[in-house]
Amino acid sequence: MYDDVKEYLSRYYYLSLKVDSLKEELHCLELLADGTQGINYDEPRVQKSPSLKAPFVRYLDKLEKKRKQIDEKIEELLTLKDEIQEAIATVDDAVMELVLTYRYVNCWDWNEVADKLGYAESYVFKLHRKALSLVKIKEDSKRQ
């Protein structure tokens, strides 16, 4: 049971990593679009008519698709964040809610959570385990 709840709450973290990865891909595409093209000496030179399009034009469509993909994932991320915060709010203890929020919404490591709350890490682990047992997840949220 604990593993199911942890997996459910961890979805936000992994989706945010996916968004970060997509942003890195976008950045690489932007660099390619902004950069100048060098001469390719590896391929044999075949006489053909030169392209009248600027070299960056071929990246514009890819850039637009990547931006759209990022926007969709960010929208999904915001929806998921709200859903997870609702699940965390079902725990009727302020300290345990904070443990879950710091861990799964803010994506803090255990040391940061313990420091912020002023508790030893071992005590935070106990609070975490108890809080996981109190989380109530909506049935329609479990299926996603």
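The values are calculated or read from the model by the stated rules, or taken from the named source; none is laboratory data. None of these values were measured; they are calculated from a predicted model. All Cβ positions, glycine included, derive from the backbone under ideal geometry; neighbour counts span all protein chains shown.
Where residues in region 12-56 are acidic (Asp, Glu) and at pLDDT 65 or above, which of them is nearest to Ile84 (Cα to Cα)?
Asp20
Here is a list of conditions, (1) closer than 25 Å to Tyr119 by Cα; (2) β-branched (Val, Ile, Thr); (3) modelled with pLDDT under 95, and Val91 meets all of them except one; can you say which number that is?
Only one criterion in (1) closer than 25 Å to Tyr119 by Cα; (2) β-branched (Val, Ile, Thr); (3) modelled with pLDDT under 95 is unmet by Val91, namely (3).
Taking Glu72, is it acidic (Asp, Glu) and touching a residue at least 40 places away in the same chain (Cβ under 8 Å)?
no
Quick one: Gln85 ticks every box in (1) surrounded by 13 or more Cβ atoms within 10 Å (Cβ to Cβ); (2) more than 24 Å from Leu15 (Cβ to Cβ); (3) of a type outside the set (A, V, I, L, M, F, W, C) bar one, so which box is it?
Here Gln85 clears every test but (2).
Within region 1-11, identify whether any single residue is more than 22 Å from the chain's Cα centre (by Cα), at pLDDT below 95 and not basic (Lys, Arg), and answer yes or no.
Yes, there is a match, as at least one residue in region 1-11 is more than 22 Å from the chain's Cα centre (by Cα), at pLDDT below 95 and not basic (Lys, Arg).
Return the only residue of Asp82, Asp71, Asp61 being assigned to a helix (DSSP H, G or I) and more than 20 Å from the chain's Cα centre (by Cα).
Exactly one residue qualifies, and that residue is Asp61.
Suppose the filter is touching a residue at least 60 places away in the same chain (Cβ under 8 Å), in a helix (DSSP H, G or I) and surrounded by 15 or more Cβ atoms within 10 Å (Cβ to Cβ); does Leu77 pass it?
Yes; evaluated as a whole, the condition is true for this residue.
Being among the polar types (S, T, N, Q) and surrounded by 15 or more Cβ atoms within 10 Å (Cβ to Cβ) is the filter here; which residues of region 88-124 pass it?
Listed by number, the list holds a single entry, Thr101.
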